[in-house]
1. Return the residue satisfying two criteria in turn: it lies in region 374-390 and is part of a loop (DSSP other than H, G, I, E, B) and away from ligand 2 (no atom under 14 Å from the Cβ), and of such residues it is surrounded by the fewest Cβ atoms within 10 Å (Cβ to Cβ).
2. Answer yes or no: is there a residue in region 351-358 that is touching an Asp or Glu at 6+ places or on another chain (Cβ under 9 Å) and either assigned to a loop (DSSP other than H, G, I, E, B) or surrounded by fewer than 15 Cβ atoms within 10 Å (Cβ to Cβ) (or both).
3. Sort through T26, T76 and tell me the only one that's among the hydroxyl-bearing types (S, T, Y) and in the same structural domain as F319 (by TED's automatic domain parsing).
4. State yes or no: is L111 assigned by TED's automatic domain parsing to the domain that holds L306, without any contact (Cβ under 8 Å) to a residue 60 or more places away in the chain and either assigned to a helix (DSSP H, G or I) or buried (at least 23 other Cβ atoms within 10 Å of the Cβ) (or both)?
5. Which of the residues that make up region 302-323 are assigned to a strand (DSSP E or B) and either among the small types (G, A, S) or more than 13 Å from T272 (Cβ to Cβ) (or both)?
6. When the residues of region 379-392 are narrowed to those that are within 16 Å of G450 (Cα to Cα) and in contact (Cβ under 8 Å) with a residue 60 or more places away in the chain, which ends up nearest to ligand 1 (Cβ to nearest atom)?
7. May I ask you to verify whether E359 is more than 15 Å from ligand 2 (Cβ to nearest atom), touching a Ser or Thr at 6+ places or on another chain (Cβ under 8 Å) and modelled with pLDDT of 95 or more?
8. Over 30 Å from T123 (Cα atoms) and hydroxyl-bearing (S, T, Y): does that describe S439?
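The values are calculated or read from the model by the stated rules, or taken from the named source; none is laboratory data. Everything quoted here is computed from the prediction, not taken from an experiment. Because the Cβ atoms are built from the backbone with ideal geometry, glycine has one as well, and the counts that use them run over all protein chains shown.
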Amino acid sequence: MPLLQPAPAFLCAAALLLSAAGAKYTPDWRSLDSRPLPRWYDEAKVGIFLHWGVFSVPAFGSEWFWWHWQGEKNPTYVSYMEKNFPPHFTYPDFAPQFHAQFFDPDEWAGLFAAAGAKYVVLTTKHHEGFTNWGSPNSWNWNSVDTGPHRDLVGDLGVAVRKRSIRYGVYNSLFEWFHPVYLSDKQNGFQTQEFPRDKLLPELRNLVMRYKPDLIWSDGDWEAPDSYWNSTEFLAWLYNDSPVKDVVVTNDRWGAGCACKHGGYYNCEDKYTPGVLPKHKWEKCTSVDTQSWGFRRNMRVHELMDLPAIVQDLVRTISFGGNYLLNVGPTPDGMIPPIFQERLLGLGSWLKVNGEAIYESTPCRVQEENGTVPVWYTCKDSSVYAVFLMKPPPSSSFSLPSPKTSASTVVTLLGNPAPLDWAPLHPAGLVVLLPDLPPSPGHGWTLKLDGAT
Ligand SMILES: *[C@@H]1O[C@H](CO)[C@@H](O)[C@H](O)[C@H]1NC(C)=O
Ligand SMILES: *[C@@H]1O[C@H](CO)[C@@H](O)[C@H](O)[C@H]1NC(C)=O
């Protein structure tokens, strides 16, 4: 619990001593979970997720390629390797082909800004253990010693921050094949050599070097948070690190933590709650529905189209979530043009309708069926009703739940002219819609100013 609570005098003295030392949070969930989420995160709403690493080189199946091939020995992957590579080819042999020769961080940042993203999260280290910066704890298995010979984490961070986009780092706690991790695992996680000698020093290095706005933790599920020393790390992060006041974290800090402890909740990948959650959450999802990393064997029908992305975004925001949309860059450092096209489409939609998204809060009602299904968001004295289906021509357009007053003004975002409307009883209203302009994401927003 934070020490800013009324407390008996003797505790106050202790509190003063502790806060003088900066120890506001103690390394337990009760205290850590009481930390308010820095405000920028809920206001930002839209982020871009990037899965980029050595797995982008085989680019076959998914970013779990190495595991499928040599962990699980999945026949599809084993035979793919047998057919296409010499017998002694190992996974690390892919690293030199991770060239990133076309990687232009400013161009990426420009794309993310045009997509309407307010934060970007890059895989700095996925389960393969390869670090996208020169980690002193990942000798010869990092992007500076091999592959691109470049500080990818640093270069992207500088570029996105130039655009006032917040910068987040994804980090996998576990590594599939790290021998020290495997030895701790063999010991039933009763030894902690991997967190002590590899994970924790590396994570602190990442924080000190890049001062991330967000830590997207993953790969936690095989061991309890006490093995990872997550609460000790988070207490340091929240009390003493250079990002203590701005940093946001998720909930993947040990088996059983998801949806329960940490900063905001991811719960599971692509989490889609049916009722308004009580705790801030984020939906992470991927344009390529089959993979987070780039796949050469990707087909167009396996991708989310723009209306699907807009619908998913709108639903997520109306239910109080943030939307983190993933694309997988290629090993040469390109964002595949089909992903660029999706991101630019999202950006054009947000240019018109973003007022209903950014800095909004959930309303009394999240979704309902009027003339067509609508999703609501609220901000200041306005209710926004987003609809993704054109109503039948010349029908009156009804919204059953909003409460209006005589001074309510109804407009269609992108069109300043006030619309004629009439109240319904006991609540709701009927609106005379103009001809709907074409919408890139096939979604329109009514703004009800002076409604609840
Ligand atoms: C984990 O935290 C405990 C308790 O603070 C500490 O004694 C131990 O040294 C830490 N272990 C590692 C690996 O950092
Ligand atoms: C709206 O209608 C659809 C189709 O009939 C139904 O599946 C959905 O549950 C309804 N949604 C609400 C919020 O009533």
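1. Step one: list which residues in region 374-390 are part of a loop (DSSP other than H, G, I, E, B), which gives 380-381, 388-390.
The next check asks that each one be away from ligand 2 (no atom under 14 Å from the Cβ); those that pass are 380-381, 390.
Values: D380: 8, S381: 12, K390: 12.
This residue is D380.
2. Step one: filter region 351-358 for residues touching an Asp or Glu at 6+ places or on another chain (Cβ under 9 Å), giving 358.
Of the ones still in play, those that are also either assigned to a loop (DSSP other than H, G, I, E, B) or surrounded by fewer than 15 Cβ atoms within 10 Å (Cβ to Cβ) (or both) are 358.
Taking every residue of region 351-358 in turn, at least one turns out to be touching an Asp or Glu at 6+ places or on another chain (Cβ under 9 Å) and either assigned to a loop (DSSP other than H, G, I, E, B) or surrounded by fewer than 15 Cβ atoms within 10 Å (Cβ to Cβ) (or both).
3. Numbers: T26 fails: in the same structural domain as F319 (by TED's automatic domain parsing).
Going through T26, T76 in turn, just one is among the hydroxyl-bearing types (S, T, Y) and in the same structural domain as F319 (by TED's automatic domain parsing): T76.
4. On the way: assigned by TED's automatic domain parsing to the domain that holds L306: yes; without any contact (Cβ under 8 Å) to a residue 60 or more places away in the chain: no; either assigned to a helix (DSSP H, G or I) or buried (at least 23 other Cβ atoms within 10 Å of the Cβ) (or both): yes.
Spelling it out, it is not the case that L111 is assigned by TED's automatic domain parsing to the domain that holds L306, without any contact (Cβ under 8 Å) to a residue 60 or more places away in the chain and either assigned to a helix (DSSP H, G or I) or buried (at least 23 other Cβ atoms within 10 Å of the Cβ) (or both).
5. Of the residues in region 302-323, the ones assigned to a strand (DSSP E or B) are 303, 321-323.
Residues satisfying the conditions are L303, G321, N322.
6. The initial filter retains those residues of region 379-392 that are within 16 Å of G450 (Cα to Cα), namely 379-385.
Then keep just the ones that are in contact (Cβ under 8 Å) with a residue 60 or more places away in the chain; that gives 381-385.
Working: S381: 49, S382: 48, V383: 48, Y384: 47, A385: 50 Å.
Per the stated criteria, the residue is Y384.
7. Values: more than 15 Å from ligand 2 (Cβ to nearest atom): yes; touching a Ser or Thr at 6+ places or on another chain (Cβ under 8 Å): no; modelled with pLDDT of 95 or more: yes.
Criteria not met by E359.
8. Working: over 30 Å from T123 (Cα atoms): yes; hydroxyl-bearing (S, T, Y): yes.
So S439 passes the test.
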